[in-house]
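Novice: Take a look at this one; I'll ask things after.
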Amino acid sequence: MMRSMLRTRNATTEHHPSPTPRPRPAARALAALTAGLLAVTLSACGGDDGGNDGDQGTGDAGGRPTVQLPRLDGQELEVAAVFTGPELDNFQKVLDEFEKRTGATVTFVPTGNNTSTFLGTKIEGGKPPDVAFLPQVGVLHQFAEKGWIKPLGSEALAQLDKNFSDGWKDLGAYEGKRYGVYAKAANKSLVWYNSAAFEAAGITEEPKSWDEFLRTARTLSDAGSPAVSIGGADGWTLTDWFENVYLSQAGPEKYDQLAKHEIKWTDPSVEEALTTLAELWGEDELIAGGASGALQTEYPKSITQTFSGDTPAGMVFEGDFVAVTINGDTDAKIGTDAKVFPFPAVGDDSPVVTGGDAAVALKDGKGAQALLTFLASTDAAEIWAAQGGFLSPNKEMDQGTYKDDVTREIAKALLAAGDDFRFDMSDQAPAAFGGTQGVGEWKDLQDFLKNPDDVAGAQKKLETSAAKAYGKG
């Protein structure tokens with residue numbers, strides 16, 4: 001989901017991938033690297049295209065295909081994903097190239113935020129799409145267990161082995177078989193800010209710690225700007241807030257335990273993280289529209305109200321994919337009007353949480369496997385990267401095809417992490433807890449945003465929801 005960048009685990013062996021890979025301490029190094037790279041990038045870039053307009057945005061991978069695809073003349077395929085707006089427009093460029101090379105016709109089917117429910121209904125009704133993007137690794141495991149998705153064919157596996165590290169390959173595997181291609185990744189540990197609002201408030205330094213972040217928010221508020229824009233109408237954004245605070249504060253080991261429900265949501269570490277979040281969520285004047293306004297603000301609006309309008313907000317938290325909406329729905333230029341810093345350190349280090357969308361086949365046939373093969377190739381990655389607002393774990397792609405310097409440096413940091421990354425906690429959970437609108441963690445955190453004084457009540461709700469979804473309640 002855009003929603004679905006950096007969540008971490010440990011790679012397992014080639015033939016025995018773990019459904020929940022364990023992280024390694026190198027996430028700290030990645031956090032430091034991300035911070036350093038962003039600092040260099042933001043001081044150097046002067047526009048949203050990094051001065052490379054002449055070589056990018058063509059959408060044709062330079063006219064030099066590196067992957068061979070079969071002819072599929074007359075075949076009609078469907079591909080389903082949560083993508084909308086500019087994100088969908090950019091993905092369509094990839095589909096256009098696939099159609100051009102194969103002769104197939106590909107129709108996009110929007111899933112909405114409840115991807116697992118939408119696809120489950122289609123599958124049980126006997127009309128699944130050929131390919132679908134799953135924004136939650138927990139859903140991939142559930143679908144594989146039910147036999148709803150098909151293992152990757154030999155050509156797709158060849159591209160996967162050539163272009164992806166073991167950690168990303170293993171995320172798309174279940175019980176020794178590979179099903180998914182993580183064609184799209186996300187760094188979900190970033191705060192984007194309106195440079196004009198910072199300048200008007202006299203803010204000259206980006207906050208590095210949670211305390212500095214709160215002071216920055218109060219300074220913005222005192223200067224007359226809504227400090228922080230929150231897309232609380234989409235519960236997944238709130239899970240990302242929690243995960244970043246929790247990973248930084250509680251540490252990787254606790255993060256992994258909570259992700260697998262080996263510790264309960266009533267654990268003191270969860271209490272501490274929610275109490276920390278309440279330091280922001282409990283100050284209505286720091287949130288654009290207050291908590292009630294945030295709960296009526298969908299994710300895209302949280303970005304547009306930060307970079308457009310008469311009184312834009314100063315900051316908005318979310319992943320690298322924020323760039324899609326900035327580029328598509330505002331006049332702000334990334335690197336000048338819109339800048340970014342790593343999520344502030346709550347504990348010793350800034351957190352690094354990743355996410356991603358795995359493309360899987362829901363139907364047998366040459367067409368679905370051909371599309372997965374293309375999505376695993378450098379050709380598709382470079383076309384998508386050239387559009388902007390996209391990040392790929394494809395280690396063989398040409399990094400020069402990224403549309404702007406900011407994204408290029410974030411991508412370098414992702415690849416530098418190798419297999420040491422922490423994956424989005426809610427995306428690892430069963431969909432009933434971590435991936436469904438109006439229930440589970442999404443709803444429980446929305447209730448907490450509404451009433452951040454009730455930490456114990458929020459913990460109780462979260463544990464009840466988690467126990468039920470994990471089959472323990």
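The values are calculated or read from the model by the stated rules, or taken from the named source; none is laboratory data. Since the structure is predicted, the reported quantities are computational estimates derived from the model, not experimental observations. For neighbour counting, all protein chains shown are included, and Cβ atoms are generated from backbone atoms with ideal geometry for every residue, glycine included.
Novice: Going through Pro351, Pro344 one at a time, which residue ends up being at pLDDT 95 or above, surrounded by 22 or more Cβ atoms within 10 Å (Cβ to Cβ) and closer than 26 Å to Leu277 by Cβ?
Specialist: Pro344
Each row is one residue, and each column tells you yes or no for (1) of a type outside the set (A, V, I, L, M); (2) under 21 Å from Asp424 (Cβ atoms); (3) at pLDDT below 95.
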| site | (1), (2), (3) |
| --- | --- |
| Val245 | no, yes, no |
| Thr266 | yes, no, no |
| Ser269 | yes, yes, no |
| Ser302 | yes, yes, no |
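Novice: Next question, about the same structure. For Lys333, indicate whether it is outside the structural domain of Ala259 (by TED's automatic domain parsing), surrounded by fewer than 22 Cβ atoms within 10 Å (Cβ to Cβ) and farther than 29 Å from Met425 by Cβ.
Specialist: For Lys333, the condition - outside the structural domain of Ala259 (by TED's automatic domain parsing), surrounded by fewer than 22 Cβ atoms within 10 Å (Cβ to Cβ) and farther than 29 Å from Met425 by Cβ - is not met.
Novice: When the residues of region 416-470 are filtered to those that are of a type in the set (Lys, Arg) and at pLDDT 95 or above, which remaining residue is farthest from Ala273 (Cα to Cα)?
Specialist: Here the answer is Lys468.
Novice: Any idea how many residues of region 262-298 are part of a loop (DSSP other than H, G, I, E, B), farther than 17 Å from Ala233 by Cα and hydrophobic (A, V, I, L, M, F, W, C)?
Specialist: 2
Novice: Here is a further query. Hey, Gly473 hits all of (1) under 30 Å from Thr66 (Cβ atoms); (2) at pLDDT below 95 but one; which does it fall short on?
Specialist: Of everything listed in (1) under 30 Å from Thr66 (Cβ atoms); (2) at pLDDT below 95, Gly473 misses just condition (1).
Novice: What do you reckon, is Ala466 touching a His at 6+ places or on another chain (Cβ under 8 Å) and crowded, with 18+ Cβ neighbours inside 10 Å?
Specialist: It is true that Ala466 is touching a His at 6+ places or on another chain (Cβ under 8 Å) and crowded, with 18+ Cβ neighbours inside 10 Å.
Novice: Here is a check on your reading of the model: is Ala380 of a type in the set (A, V, I, L, M), on the phi < 0 side of the Ramachandran plot, at pLDDT below 95 and not in a strand (DSSP E or B)?
Specialist: Judged against the criteria, Ala380 is not a match.
Novice: Continuing with the same structure: Can you pull out the helices (runs of 4 or more DSSP H) entirely within region 411-473 that have at least 3 residues that are over 22 Å from Leu119 (Cα atoms) and not aromatic (Phe, Trp, Tyr)?
Specialist: Counting at least 3 such residues, we get 440-450, 455-469.
Novice: Please count how many residues of region 420-473 are out of contact with any Gly (no Cβ under 8 Å at 6 or more places or on another chain) and of a type in the set (S, T, N, Q).
Specialist: Number of matching residues: 2.
Novice: Sticking with this structure for a sec: Taking the residues in region 387-401 that are under 21 Å from Gly167 (Cβ atoms) and not aliphatic (A, V, I, L, M) as candidates, determine which candidate is surrounded by the most Cβ atoms within 10 Å (Cβ to Cβ).
Specialist: Among those residues, the one meeting the criterion is Asn394.
Novice: What about Gly36, is it at pLDDT below 95 and within 26 Å of Gln369 (Cα to Cα)?
Specialist: no
Novice: OK, next. In this structure, does Gly138 turn out to be small (Gly, Ala, Ser) and surrounded by 14 or more Cβ atoms within 10 Å (Cβ to Cβ)?
Specialist: It is true that Gly138 is small (Gly, Ala, Ser) and surrounded by 14 or more Cβ atoms within 10 Å (Cβ to Cβ).
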